[in-house]
Structures are given as C-alpha cells and as structure tokens.
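Worksheet: one structure, shown below.
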Amino acid sequence: MPLISVCIPAYKRINYLKRLLDSLLMQTFYDFEVIVSDDSNDDSVENLVTDYKNKFAISYFKNPDALGTPANWNAAISKASGDWIKLIHDDDWFASPQALQVFADHIANNNKFIFCAYENFNNENNISKGQLHLSPFWKTRIINNPVTLMANNVVGPPSVTMFHRSITEQYDTRMKWRVDMDFYIRVLLQEQAYTYIETVLVNIGIGETQVTNVCFENPLVELPEGLLLLQKYGTNRLKNIWVYDAWWRLLRNMNIRSEEQLKVYANELWPAAIIKMIRHLNKIPGKFLKIGVLSKAFMLFSYLINRRIV
C-alpha cells in the first residue's frame, strides 16, 4: 500500500486537472497513489486520466449521479488505500516538485493532521494573489480553542491539508461554505495537535467557477450553515469574541436587521444572543456601521451586554 493517497474530486475542468496531474508527475516523492472521483456528465475527465495510467498509480471512479461538494470529497477519500490522505481539488496544484516529499517528511512529527502555507493564483491569468501563512497569533489559539475557526478559517482550503487515515471524520454534506472549517474543528478537538509547514507547498486556483463565489456573503448559504455550526458546537461559542465579531460582521454586511429576515433564510429557533445582536444592529445608523472603528466599538458594546444571555 502507498504511504500517501492523493484524492482528487473532479468535475469537467480538464485544463486545471491536467495542471494538477502534471505537478504530480514532477514529484520527487514516488510512494503515492492518485484517486480521481469524477462528478462530470461526460468522458472528458476519464479520457484525460487514461493518459496518465502508465505514468503513476492512478485509479478512476465515475459517479453515476453527480454527488456535488463535499460528498464527492468524501467519495474520493473512501477509495484511498494509503496511510495518509492528501485531498486536493482539481483546480489546485503542487507548488514544487518537492511538495509531497516535504509533506512526507513531516509525518515524523507524529501528528495526524498536517497543513501548509499556500499561494493563491488567479486562474484566468495565472497571476499570484498572495501567499497565506499561519500567523503566530493563531498557532496556539486554534489548539486552545479550535472553535475559534468559526470566526476565521486560518487553516485554508482542504487542498493544503493531509491527515492520517485513522481520522474517520467526514466532511459534512449539509454544508458547502463552512464545510472545511467544520471538519478542521472536529479534527482539532479530537487530536488536540497539528503540524504546520511554513513552506508554500500548494497553489490554490481562484476563479469564477468556485463554490466560494456562490457562497460568500450569500444569506441563503451563510446563515443556515452558521446556525448549523452553533447547533453543533453550542451557542456558548458566542462568548468567544472572535466568533461574536464574525457574526456581527456577517449580519451587518448582509443587512440583516430583524428576526423575520433571519427566518426567511433559516426558519428555525435562533439563539437569543443572535436576536439581541440584530436588535443592536438595527439601532445603529448604517453610515456608522460603514466606519470600521465605530462598528468594532458597537460590536464590543453588544458583546459585553450579550455575554449575560449566551
């Protein structure tokens, strides 16, 4: 069995998938297999994969019906036989020929969850949009309180992670936008440790076809998923000022000012602290909320009041 299973959930985008497979072809580390789980309704991905059959160990699986994200992620992982799972999306790719070797070298740290720094690239023109590194501020915070990731996904997209097969957590198929941070929270609560690699090992393709562009600040997605996270981990997580501030900014930016608006997007029982937060927002003129420092001050005032009812 291979040491690492590189699991690729794919959907039609063969130009990007070829870029990823070519980056695998250049790796100096060879003890890996590739799993491609295909959601496409044509043969384009299968035909491309065929071209790599004699270049490295690659297995192709066609989903009879499109599973969508993140079910296709779980499907790819379920086919893996390696000791370590390296999920990577079809529009992302390895940043250097040594990338897999560096991941493999860090297995020696004996932590079952590993992630690395990464660089974002515009898929249209291949221009860098900047590197993302884990700051010292967050390094201990996500261990001391993994649920803080609800406020800021400082780990990054799934493509930057690798985990041991003994971690049996799956990506929650009820989510699309917050699905990765939810997975990380559960893994970190379980493992209470991780290995972070400062080197950029993965390039992340940013483009219009991504789920991110459909979900970001879309109340039909963000509000139900945010509520689901509070239901999973408890509304007392709003006592964490970073989580509270994230909710404040979310509701402010989507102009949610009443409980009735909330129920349009998720007709469930909302936490009293969220309702109170909305009432606070509703009392503040919008022109003040547009000024960052004033909005932050109002948020802090709301937080201090709300701590009593969380």
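Some notes on this structure:
- The aspartates and glutamates whose alpha-carbon is closer than 16 Å to the alpha-carbon of residue 62, local same-chain residues fewer than 8 away aside, are 38, 39, 42, 43, 46, 90.
- For residue 62, neighbours were defined as the other residues whose beta-carbon sits under 14 Å from its Cβ, and their charges (Lys and Arg +1, Asp and Glu -1) total -4.
- Over the chain: helical MRE at 222 nm, DSSP H runs n ≥ 4 each giving -39500 (n - 2.57), nearest 500: -12000 deg cm²/dmol
- Relative contact order for the chain: 17 percent, from Cα pairs under 8 Å spaced at least 6 residues apart, divided by residue count.
- Nearest 10 degrees, 0 to 90: helix 272-282 Cα axis against the chain principal axis: 70
- Neighbour-limited loop hits for chymotrypsin sites (Phe, Trp or Tyr not before Pro), the range 10-85 (at most 13 other Cβ within 10 Å; DSSP other than H, G, I, E, B): 30
- Per-residue extension of 0.36 nm, minus the Cα-Cα distance of residue 297 and residue 193, leaves a gain of 34.0 nm for this segment.
- The residue among 300, 142, 76 whose Cα reaches farthest toward the positive pole of the charge dipole of the chain, with charges on the beta-carbon of Lys, Arg, Asp and Glu, is 300.
- To the nearest ten degrees, helix 14-25 and the longest principal axis of the Cα atoms of the chain are 60 degrees apart.
- Using a simple spin-label model with pseudo-atoms 7 Å out from Cα toward Cβ, residue 307 and residue 98 lie 4.7 nm apart.
- Simple rule: put +1 on each Lys or Arg Cβ and -1 on each Asp or Glu Cβ in the chain, find the dipole, and look at 60, 267, 34; the Cα lying farthest toward the positive end is 267.
- A crude spin-label estimate for the pair residue 279 and residue 31, with each label 7 Å from Cα along the Cβ direction, gives 6.1 nm.
- About the Cα centre, charge dipole magnitude for the chain (Lys/Arg +1, Asp/Glu -1 at Cβ), debye: 1760
- Likely footprinting exposure, 167, 4, 305, fewest C-beta neighbours within 10 Å first: 305, 167, 4
- Residue order, fewest to most surrounding Cβ atoms within 10 angstrom, among 251, 188: 188, 251
- The DSSP beta bridges internal to the range 4-212 are antiparallel in roughly 30% of cases.
- Net charge dipole size for the range 217-306 [Lys, Arg +1 and Asp, Glu -1 on Cβ; Debye, nearest 20]: 380
- Comparing mean-square fluctuations of 187, 202, 293 from a GNM of the chain with C-alpha springs under 10 Å, the top value falls on 293.
- Here the spin labels are modelled as points 7 Å beyond Cα on the Cα-Cβ line, and at residue 56 and residue 216 they lie 3.0 nm apart.
Throughout, read-outs are computed from the coordinates displayed, never taken from laboratory work. Computed from a predicted structure; not experimentally measured. Reconstructed Cβ throughout: ideal geometry from the backbone, glycine too, with neighbour counts over all protein chains shown.
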